[in-house]
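Shown next, in structure tokens, is the structure this report addresses.
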Amino acid sequence: MPIGPVEPSVISLVQPGRALEGPAAFRNPGSLKEASAFTEMFEGIVGHANATANMANAQAADLAAGRIDDIHGTMIEVQKAGIEMKLVGNIRNKVVDAFYELWRMSV
């Protein structure tokens, strides 16, 4: 499953057209579904990045052992895995930053 552009509606914490009003909005049972959907999406992204990294490591080990001689393809796979890991790290950092920003808010 290749990672494509992320549509804003997929990661939006508030549904379009629905205002976030006061603490009652945080007790909305619908927000638990949205959080679950985000969790599933993030787990999918992390799982895909992990699978890509494992595949790149296996291909690099095969190249080092002499079982394959495709250095070009191996380097491409290693770079793709590195880019995906950086993406996952950046997403994690943004989520943590958003959490701390919400934590510092005065109610």
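We did not get these values from a lab; they are worked out from the coordinates using the rules stated. Since we're looking at a predicted model, the values are computed, not measured. For neighbour counting, all protein chains shown are included, and Cβ atoms are generated from backbone atoms with ideal geometry for every residue, glycine included.
For beta carbons closer than 8 Å, sequence separation of 6+ or different chains, a first residue in segment 37-64 that is touching a residue at least 24 places away in the same chain (Cβ under 8 Å) and a second that is among the acidic types (Asp, Glu) and in a helix (DSSP H, G or I), the qualifying pairs are 48/84; 49/84; 52/77; 52/84; 53/84; 55/77; 56/77. When residue 103 is tested against (1) within 27 Å of residue 45 (Cβ to Cβ); (2) free of Cβ contacts under 8 Å to residues at least 24 places away in the same chain; (3) surrounded by 10 or more Cβ atoms within 10 Å (Cβ to Cβ), only condition (3) is not met.
Among the residues of segment 66-78, are any of a type in the set (Ser, Thr, Tyr) and over 26 Å from residue 39 (Cα atoms)? Walk me through it before giving the result.
First pass over segment 66-78, keeping only residues of a type in the set (Ser, Thr, Tyr): 74.
With over 26 Å from residue 39 (Cα atoms) added as a condition, the list becomes 74.
For segment 66-78, residues of a type in the set (Ser, Thr, Tyr) and over 26 Å from residue 39 (Cα atoms): present.
Could you check segment 65-81 and list, in sequence order, the residues that are surrounded by 12 or more Cβ atoms within 10 Å (Cβ to Cβ) and free of Cβ contacts under 8 Å to residues at least 24 places away in the same chain? Passing the criteria: 68, 70, 73, 74, 75, 76, 78.
Applying the condition of being polar (S, T, N, Q) and closer than 23 Å to residue 39 by Cβ to segment 79-107 and asking which residue is nearest to the chain's Cα centre (by Cα) yields 90.
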